[in-house]
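Each remark here refers to the structure printed beneath this line.
The values are calculated or read from the model by the stated rules, or taken from the named source; none is laboratory data. Worth saying up front: this structure is predicted, and the values here are computed from it rather than measured. A quick note on method: Cβ atoms are made from the backbone with ideal geometry, for glycine too, and the neighbour counts reach across all protein chains shown. Each accessible area value is taken on the protein alone, full model and side chains, heavy atoms only, with ligands, DNA and RNA left out. Shrake-Rupley method; radii C 1.70, N 1.55, O 1.52, S 1.80 Å.
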Amino acid sequence: MNTFLSDAQLALQEQFLKFVAEQISPIARELDSEKISAKEALSRLSKGGYLGMTVPKEYGGQGHSAVELVLFVEALAAASAGLGLALASHYSVIELIVKYGTETQKSRYLSHLASGELIGAQAFGEEMAGSDFKAVQTTARLENSDVVLTGEKTWVVNGDLAGLFAVLAKDGENLGIYLVDSAPSATVVVGANKAKLGLRSAGTCDLTFNNHKISAENYLGVRVSGAEVEKQVDAVFNLSKTIVAAAAVGIADETLKFSAERALMREQFGHSISKFQGIQWKLADHSVETEAARLLTYRAAWSHADEPGEFRKYAAMAKMFAAKVARFHSGEAVQIFGMLGASTELPVERLFRDGKLTEVFEGTSEIQKVILKEELGV
Ligand SMILES: Cc1cc2nc3c(=O)[nH]c(=O)nc-3n(C[C@H](O)[C@H](O)[C@H](O)COP(=O)(O)OP(=O)(O)OC[C@H]3O[C@@H](n4cnc5c(N)ncnc54)[C@H](O)[C@@H]3O)c2cc1C
């Protein structure tokens with residue numbers, strides 16, 4: 001008996017694995033080398049119904065829970081972790097609108113996000129506001145019934161594809177989140193996709209607002225105080241970091257399979273290298289830490305609906321731990337593969353590059369520790 005997942009969730013997991021094996025694994029290498037675009041991959045996800053998993057059914061989504069979403073991301077990220085990053089961005093916009101949007105915003109955007117007609121992107125970070133998001137310098141100036149956005153956002157995942165940006169900006173001293181659904185223009189300039197270490201199947205772009213006018217109705221939800229906006233930002237990160245934790249588990253699980261296979265197959269000194277205790281211990285540690293990361297990630301996802309007061313804590317724990325496991329054990333996989341671990345012909349080096357980056361975005365590992373000490377009341 002599986003204590004954690006229901007029979008229905010286990011059946012869905014089978015369906016997710018089958019979809020990924022048929023639709024994503026065959027193009028994973030081309031996605032990483034950018035010979036196939038994220039647009040093509042997201043269109044496959046949209047046809048499979050995987051862009052509206054947590055959108056309520058009345059708005060055209062599947063009405064799944066965060067647990068089912070992380071099961072999907074875990075399966076997806078084993079093939080292409082960058083797509084897990086793209087989903088973290090897309091679903092964090094969905095989360096904001098479901099939780100805090102007005103009825104008009106829900107009706108205007110959710111069904112289009114669920115169908116993939118609109119891809120969501122979270123545009124919070126700036127050159128001078130990384131971990132310290134409150135330091136954003138983008139301004140949102142009220143002008144009659146309009147808001148004028150001015151400033152530069154950086155490293156925006158899905159920036160080149162998105163039809164809806166959640167933008168963090170300041171109106172005087174007040175932080176607020178604004179929903180921007182404008183196409184690129186002279187006042188919304190989308191930069192080129194940045195070359196990066198890993199997670200290359202997701203685009204990351206700079207975004208510049210040059211006195212860009214939007215309706216004041218595009219303020220997320222109703223106007224709230226600074227502390228309330230911080231809760232909204234937390235809501236974005238709690239879900240997106242649980243998604244990243246699931247992607248890290250996918251990376252850890254996939255590298256474990258590759259390492260075990262290679263250890264059995266490779267012979268040195270007259271034996272399969274799996275006979276050496278030094279290799280056996282790496283695999284044993286890899287298996288236990290991957291499983292621990294998985295359980296922590298499912299625990300975080302479960303608390304999203306069932307224990308919301310604990311979600312912030314478990315999301316931080318899951319992100320920090322799973323990312324560390326993905327980074328460390330994908331490095332050990334490269335070690336077990338030896339020279340082949342360095343080859344771009346095999347997926348191990350890509351999983352290693354992707355694994356490292358899970359420690360950086362959606363809040364670095366150090367920032368998760370800051371959150372955890374706050375949760376301890378220290
Ligand atoms: C692949 C990728 C995708 C991204 N996608 C997006 C996106 O879609 N939208 C978006 O808005 N942003 C995105 N980002 C930006 C991301 O959110 C930031 O990189 C992240 O928040 C860290 O900020 P920073 O890079 O400015 O590092 P900094 O904040 O400058 O931190 C540098 C170092 O100092 C440490 N540090 C900072 N503060 C503390 C502290 N209080 N205690 C201890 N250590 C600390 C950090 O942990 C880090 O190791 C992305 C980044 C990457 C790499």
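How would Thr344, Thr255, Thr102 rank on accessible area, largest to smallest, probe 1.4 Å?
Thr344, Thr102, Thr255
Explain nothing, just compute: Karplus ³J(HN,Hα) = 6.51 cos²θ - 1.76 cosθ + 1.60, θ = phi - 60°, for every residue of segment 297-303 in order, whole Hz, x for Gly and Pro.
Computed from phi, the couplings for segment 297-303 are 5, 5, 4, 4, 4, 5, 6 Hz.
On the accessible surface of the chain, probed at 1.4 Å, how many percent belong to carbon and sulfur atoms?
55 percent
Between Rg and the Kirkwood Rh of the chain, both from Cα atoms, what is the Rg to Rh ratio?
Rg/Rh: 0.99.
Evaluate the relative contact order of the chain (contact order divided by residue number), counting alpha-carbon pairs under 8 angstrom at least 6 apart; express in whole percent.
With pairs under 8 Å counted, the relative contact order is 16 percent.
How many Å² of accessible area per residue for the chain, probe 1.4 Å?
Per residue, the chain has an accessible area of 44 Å².
Applying the Karplus parametrisation 6.51 cos²θ - 1.76 cosθ + 1.60 with θ = phi - 60° to the phi angles of segment 5-22, what ³J(HN,Hα) value in whole Hz is obtained for each residue in order, glycine and proline being reported as x?
10, 6, 4, 5, 5, 5, 5, 4, 4, 4, 4, 5, 5, 5, 4, 5, 4, 7
Just how much of Phe337 is accessible, in Å², when a 1.4 Å probe is used and the result is rounded to the nearest 10?
20 Å²
Going by the alpha-carbon gyration tensor, a ≥ b ≥ c the square roots of its eigenvalues, is segment 7-119 rounded (a/c under 1.5) or, if a/c is not under 1.5, prolate (a/b greater than b/c) versus oblate?
oblate
Rounding to the nearest 10 and keeping the result within 0 to 90°, find how far the Cα-based axis of helix 66-79 lies from the longest principal axis of the chain.
Its long axis makes an angle of about 60 degrees.
Mind checking which of Val334, His212, Gly84 is farthest towards the positive end of the chain's charge dipole, using Cβ charges of +1 (Lys, Arg) and -1 (Asp, Glu) about the Cα centre?
Of the options given, the answer is Val334.
Given contacts defined as C-alpha pairs under 8 Å and at least six residues apart, what's the relative contact order of segment 65-131, whole-number percent?
Normalised by residue count, the contact order of segment 65-131 is 28 percent.
To the nearest 20 debye, what charge dipole does segment 7-119 have about its Cα centre, counting +1 at the Cβ of each Lys and Arg and -1 at the Cβ of each Asp and Glu?
Dipole of segment 7-119, to the nearest 20 debye: 260 debye.
Determine how large the accessible area of Arg353 is when every protein chain is in place; take a 1.4 Å probe and give Å² rounded to the nearest 10.
Here the residue's solvent-accessible area equals roughly 30 Å².
Starting from one equal scatterer on each C-alpha and no solvent at all, send me the Debye-based log10 I(q)/I(0) for segment 121-224 at q = 0.13, 0.17, 0.20, 0.25 Å⁻¹, two decimals.
With one equal scatterer per Cα and no solvent, log10 I(q)/I(0) is -0.42, -0.72, -0.98, -1.46.
For Lys275, go through the lysines and keep the ones whose alpha-carbon is under 25 Å away, minus same-chain ones fewer than eight residues off.
Output for Lys275: Lys257.
With every protein chain left in place, what is the accessible area of Lys213 in Å² (1.4 Å probe, nearest 10)?
110 Å²
Under the Karplus relation 6.51 cos²θ - 1.76 cosθ + 1.60, θ = phi - 60°, what is the ordered set of whole-Hz ³J(HN,Hα) values for segment 122-128, x standing for Gly and Pro?
9, 10, 9, x, 9, 3, 9
Using alpha carbons only, how many angstrom separate the centre of segment 303-324 from the centre of segment 78-141?
19 Å
Per the Kirkwood formula on distinct C-alpha pairs, the Rh of segment 227-375 is how many angstrom?
16.0 Å
Let me spell out the model: positive unit charges on the Cβ of Lys and Arg, negative unit charges on the Cβ of Asp and Glu, origin at the Cα centre of the chain. What dipole size does that give, in debye rounded to 20?
The dipole magnitude comes to about 500 debye.
Could you give the dipole magnitude of segment 227-375 about its Cα centre, charging the beta-carbon of Lys and Arg +1 and that of Asp and Glu -1, in debye to the nearest 20?
360 debye
What residue among Met128, Gly191, Ser201 has its Cα farthest toward the positive end of the dipole of segment 121-224, where the charges are +1 on Lys, Arg and -1 on Asp, Glu, each on the Cβ?
Ser201
Relative contact order for segment 7-119: what percent, with Cα pairs under 8 Å and sequence separation of 6 or more?
Taking the mean separation of contacting Cα pairs over the length of segment 7-119, I get 31 percent.
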